[in-house]
Amino acid sequence: MIRLPTHLRSLRRDNRGTAITEFALTAPLFLLILMGIFDFSWQMYAKQVLSGSVAQAARASTLEGNASSQTALDAAVRKQVKKVFKNANVTFTRKAYDSYDEIGDPENYTDSNNNGRYDTGECFQDVNGNGNWDADRGQTGNGGAEDVVVYSAKMEVTRILPVWTMLGQPQKTTIKASTVLRNQPYAAATSTNKVICT
C-alpha cells in the first residue's frame with residue numbers, strides 16, 4: 001500500500017473552510033425558503049387590508065344614502081388599499097339576489113327536451129331583468145331594498161420579492177375578497193321577474 005505524503009495527510013485532516021463550503025451549498029435554498037415566507041406573509045397582509053376595506057364599504061352600502069351610487073364606496077376601498085399597496089389595480093363587482101339561498105343559482109327554465117340544460121327557445125324566468133337566461137341569477141349592481149348583495153373586490157399587485165419568478169411563476173398576483181350583506185328595508189322592494197320564451 002502506498003503511503004500518502006505527510007502534507008497530503010495533514011491537508012485531509014484540516015477542517016478549516018468547511019463551514020463556508022457548507023454555507024455556500026445551503027444558503028440558496030435557505031434564502032429561497034426565507035423569501036417565500038416573507039412573500040406569503042406579505043400576501044396575507046394584502047388580503048387582510050383588502051378584506052377589511054371591503055367589509056367596511058359593504059356595511060355602508062346597505063344604507064339608503066348609498067343606494068344610488070356605489071362609486072364613492074369603491075373609491076374609499078381603492079384609497080385604503082393604495083395607502084399600503086401604491087401600484088395595486090383594484091376592481092369591483094356586485095351581484096344582488098332576493099335571498100341568501102339564491103346566491104349563484106341559475107335562473108329557472110322549462111327543460112322541454114329533457115337534456116338537463118337550458119337551450120335557446122326554452123322558456124325561462126328572467127330574474128335579473130336582462131332578457132337572457134343566466135347560469136347565475138344575480139342582478140348586476142347593488143340591488144334594491146332588502147336584497148342580498150355579494151360585494152367582491154379584486155386587487156392585482158406585483159409581488160415585492162422575485163421568489164416566484166425564480167420558480168417560473170408570474171410576478172403579478174391577484175388577491176380577492178368578498179362579503180355578503182342584506183340591504184336595509186329602506187323602500188319597497190322591486191321585482192324584475194318575468195317569464196320569457198324565445
May I ask you to verify whether I175 is in a loop (DSSP other than H, G, I, E, B) and of a type in the set (V, I, T)?
no
On the given criteria, is T110 farther than 30 Å from T71 by Cα, surrounded by fewer than 17 Cβ atoms within 10 Å (Cβ to Cβ), β-branched (V, I, T) and at pLDDT 85 or above?
yes
Mind listing whichever residues of the stretch 58-77 are of a type in the set (G, A, S), at pLDDT 80 or above and within 12 Å of N142 (Cα to Cα)?
A58, A60, S61
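Conditions (1) crowded, with 16+ Cβ neighbours inside 10 Å; (2) under 24 Å from R78 (Cβ atoms), marked per residue:
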site	(1), (2)
N130	no, no
W133	yes, no
G141	no, yes
M155	yes, yes
T158	no, yes
K172	no, yes
Please pick out the residue among A58, A96 that is surrounded by 17 or more Cβ atoms within 10 Å (Cβ to Cβ) and touching a Ser or Thr at 6+ places or on another chain (Cβ under 7 Å).
A58
Just to be sure before I move on: is G104 assigned to a loop (DSSP other than H, G, I, E, B) and out of contact with any strand residue (DSSP E or B) (no Cβ under 7 Å at 6 or more places or on another chain) in the structure I sent?
yes
Identify the single condition in (1) out of contact with any Ser or Thr (no Cβ under 9 Å at 6 or more places or on another chain); (2) more than 25 Å from Q48 (Cβ to Cβ); (3) surrounded by 12 or more Cβ atoms within 10 Å (Cβ to Cβ) that E122 does not satisfy, given that it satisfies every other one.
(1)
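The values are calculated or read from the model by the stated rules, or taken from the named source; none is laboratory data. It should be emphasised that the depicted structure is a prediction, and the values quoted were computed from it without experimental measurement. Glycine also receives a Cβ, built like all others from the backbone with ideal geometry; neighbour counts cover every protein chain displayed.
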